[in-house]
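Undergrad: The structure that follows is given in the form of structure tokens.
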Amino acid sequence: MADVRILLISGSTRQGSGNTAALRTVQALAPDGIATELYDGLSALPAFSPDEDERPPGPAAELRARIAAAGALLFCTPEYAGTLPGSLKNLLDWTVGGGEIYGKPVGWVNVAVGGRGTGAEEHLAMVLRYVGAAAVDGACVRVPVPREAVGPDGIITDPEIRTALGAALTTLAGAATQPVR
Ligand SMILES: Cc1cc2nc3c(=O)[nH]c(=O)nc-3n(C[C@H](O)[C@H](O)[C@H](O)COP(=O)(O)O)c2cc1C
């Protein structure tokens, strides 16, 4: 497989986040040929303003550049009040004008347990559709991660969860190496 770069975006800013742990685990599982990068700028992103869309402030410009440089994006987000965390929606709002996500393969992992997180998942899918992302079958998956599955190092050791996360990553990477239509 040709080298592909995947930007991992967690919707949680919480220390000890299960969503971020899932993406950290994805990073640990990435085989040769798949370069992963965990986006770490969510808390520093200013509130989106259309007035600044043409000349975005530093953190938003950096976000756009990191998305543009990635062959694919993998999201993992909690649900807050029935939808996406405002901080993640804010991140996505910064990408509307820039168009960096247009045509880009994307996936997401819903790690909520007990069938929860449906609102966040549906709304993430809707916003990503709106910005023209190409959602990849097999990389938009539910992989429940109970709190106790996250080790003290912030990595998930459960083999079934790791297999499911690894499969989502390789499926997404496979789509990223295909020509975008
Ligand atoms: C402000 C707030 C609102 C929440 N609203 C919902 C909700 O509407 N539905 C739900 O299933 N869980 C909700 N939760 C629970 C979180 O989705 C859950 O704690 C999740 O595991 C947090 O992800 P993290 O471990 O990555 O931070 C909410 C949590 C917080 C802090």
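Undergrad: Residue by residue through the range 83-141, note down the ones that are in a helix (DSSP H, G or I), acidic (Asp, Glu), over 12 Å from the mean Cα position of the chain (by Cα) and over 23 Å from residue 59 (Cβ atoms).
TA: Listed by number, the list holds a single entry, 122.
Undergrad: Which of the residues belonging to the range 1-37 are in a strand (DSSP E or B) and in contact with a Leu (Cβ under 8 Å, 6 or more places away or on another chain)?
TA: Within the range 1-37, 6, 7, 8, 9, 10, 34, 36, 37 meet the criteria.
Undergrad: Follow-up question, since we're still on this one. Does residue 104 satisfy the condition of being more than 11 Å from the ligand (Cβ to nearest atom) and within 21 Å of residue 165 (Cα to Cα)?
TA: Spelling it out, residue 104 is indeed more than 11 Å from the ligand (Cβ to nearest atom) and within 21 Å of residue 165 (Cα to Cα).
Undergrad: Then there's this: Could you run through the range 66-101 and say how many residues are within 14 Å of the ligand (Cβ to nearest atom) and either in contact (Cβ under 8 Å) with a residue 60 or more places away in the chain or in contact with a Cys (Cβ under 6 Å, 6 or more places away or on another chain) (or both)?
TA: Of the residues in that region, 8 qualify.
Undergrad: Can you say whether residue 42 is within 13 Å of the ligand (Cβ to nearest atom), closer than 15 Å to residue 166 by Cα and among the hydrophobic types (A, V, I, L, M, F, W, C), as far as the supplied structure shows?
TA: It is false that residue 42 is within 13 Å of the ligand (Cβ to nearest atom), closer than 15 Å to residue 166 by Cα and among the hydrophobic types (A, V, I, L, M, F, W, C).
Undergrad: Would you please name the residue that is nearest to the chain's Cα centre (by Cα), looking only at residues in the range 39-54 that are surrounded by 14 or more Cβ atoms within 10 Å (Cβ to Cβ) and not in a helix (DSSP H, G or I)?
TA: Ranking the qualifying residues of the range 39-54, first place goes to 39.
Undergrad: Do you know which residues across the range 69-90 are surrounded by fewer than 24 Cβ atoms within 10 Å (Cβ to Cβ), out of contact with any Phe, Trp or Tyr (no Cβ under 8 Å at 6 or more places or on another chain) and over 19 Å from residue 171 (Cβ atoms)?
TA: Hits for the range 69-90 are 69, 78, 79, 80, 81, 82, 83, 85, 87, 89.
Since every read-out is calculated from the coordinates, none of them should be taken as a lab result. All values derive from a computational prediction rather than experimental measurement. Here Cβ is always computed from backbone atoms with ideal geometry, including for glycine, and neighbour counts include all displayed protein chains.
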